[in-house]
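No value in this document is a laboratory result; all are computed from the given coordinates. Fair warning: this is a prediction, and the values are worked out from it, not measured in the lab. Neighbour counts run over all protein chains shown; Cβ positions are idealised from the backbone, glycine included.
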Amino acid sequence: MHEYSIVQSLMNRVEAEAAERRATAVKALTLRIGELSGVEPVLLTTAFETFVEKTICEGATLSIIRVPVSWACPRCERSIVQGAFLQCPECSVPATLRSGDEIILERIEMEVPDV
Amino acid sequence: MCDTCGCGDPDVVPIEIQDKILAGNDRQAAHNREHFTAHGVLAVNLMGSPGAGKTAILEATARADRSLRLGALAGDLETDHDAQRLEAAGIRSVTINTISACHLDARLVHDALHGSSMNAHDILFIENVGNLVCPAVYDLGQQFNVVALSVTEGEDKPVKYPVMFRKADLVLITKVDLLPHLPGMSIEKIADSLARVMPTPRFIAVSALSGQGVADWLAWLAERRRPAHAEADHSHGHGRHHAHS
């Protein structure tokens, strides 16, 4: 269960960004998680809720955008369904992963005092 | 401050980040990779289930070519059993006990390397924590990922754990000496599974017990070492080019 260490990395980044802007609170986080990333959103959310207590993220909402897996032939662009042989039946070249392995922090919404 | 009424509430500001959550690990991994390349070391991240035969394959590798200077980092939650086995086989080994963590990350590898002399190795095997899920998520700075899959685990493991197998540069199908005892299991069935999760499925059927496939595995390693060590060869001298009878 590596979701806890993913959250640890996430929190380190968010805290650094918040400190840089002298933010007083983090209200929302948006992540983009691919279905072939090896990260399970439900477990990630549980880990997040456990971690955020007494941090600048306490009470923040976590939104996770799931990115579906997309394989395609790099030559003819034909898409290849997951579960099929990952080779283009027409061009006989290995498929490439177009999306689905993302573990991305998209956006942080934070309260920044007016200066 | 709230612009309309001056109530003193702070503004909520959206900050676009668009960066990998594991960017810190990736930076550390890139540093490790530079280190390996600079020293002419081929670093292989060896992953697989607990009991897939990772340690046994490394022992067989050392037995099969005594001229290779092999090093290993052995990741396990507890004990230094694997490092002891590897040392006994002639592989200089360092244990990384993760206690509760289910995978190695680039920092653990970096810290373990600090205590050892990497210059002395042709190949460094990073024997990851036995696990088909978490280790695949973390770049360690290796040049290649190798996954050990034993024939007793079932031919559908690749399609059940696609994240791990997609990232494999090579799959070692281990314990193939047991195939006669496993009705219904075949290399062809495993190959079919692999082709559904690896765009370029490469595998070698090996047995640490009988030695089957070990020569092919050594050839694969030699092929991967070539770019890294073509340059380093001059400075290393020729001590390791022993004749084999």
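Overview of values
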| item | result |
| --- | --- |
| Antiparallel bridges, percent of DSSP beta bridges restricted to the range B:28-227 (to nearest 5) | 5 percent |
| The protein assembly as shown, dipole about Cα centre (Lys/Arg Cβ +1, Asp/Glu Cβ -1), debye to the nearest 20 | 1280 debye |
| Paired Rg and Dmax values of the protein assembly as shown, which use every Cα atom, in angstrom | 23.2, 89 |
| The range B:86-139: relative contact order as a whole-number percent, Cα under 8 Å and 6+ apart | 42 percent |
| Acute angle (nearest 10 degrees) that the helix A:41-51 long axis makes with the longest principal axis of chain A, alpha-carbon atoms | 20 degrees |
| Centroid-to-centroid separation of the range A:37-98 and the range B:53-95 [C-alpha atoms, Å] | 35 Å |
| Sequence-separation-based contact order of the range A:12-115, relative, with Cα cut under 8 Å and 6+ spacing, percent | 41 percent |
| Signed unit charges on C-beta, dipole axis of the range B:28-227, positive-most listed residue B:ILE96, B:ALA106, B:PHE144 | B:PHE144 |
| Helix-only mean residue ellipticity at 222 nm for chain B, each DSSP H run of n ≥ 4 adding -39500 (n - 2.57), per residue, nearest 500 | -10500 deg cm²/dmol |
| Reachable lysines, given that their alpha-carbon falls under 29 Å from the alpha-carbon of A:LYS54 and they are not under 8 places away in the same chain | A:LYS27, B:LYS20 |
| ³J(HN,Hα), Karplus 6.51/-1.76/1.60, whole Hz, each residue of the range A:8-21, x for Gly, Pro | 4, 5, 4, 5, 4, 5, 5, 5, 5, 5, 5, 5, 4, 9 |
| Of A:VAL14, B:GLY71, B:LEU179, farthest towards positive along the dipole that unit charges on Lys, Arg, Asp, Glu beta carbons give the protein assembly as shown | B:LEU179 |
| Lys, Arg +1 and Asp, Glu -1 on Cβ, resulting dipole of chain B about Cα centre, debye, nearest 20 | 900 debye |
| Contact order normalised by residue count of the range B:28-227, Cα under 8 Å, 6+ apart, percent | 25 percent |
| Rounded if a/c under 1.5, otherwise prolate or oblate - the range B:119-217, Cα gyration tensor axes | oblate |
| Fraction of antiparallel bridges per DSSP, the protein assembly as shown only, in percent to nearest 5 | 40 percent |
| Stokes-Einstein translational diffusion, chain B - Kirkwood Rh over all Cα pairs, 1.567 mPa s, 4 °C, in µm²/s | 67 µm²/s |
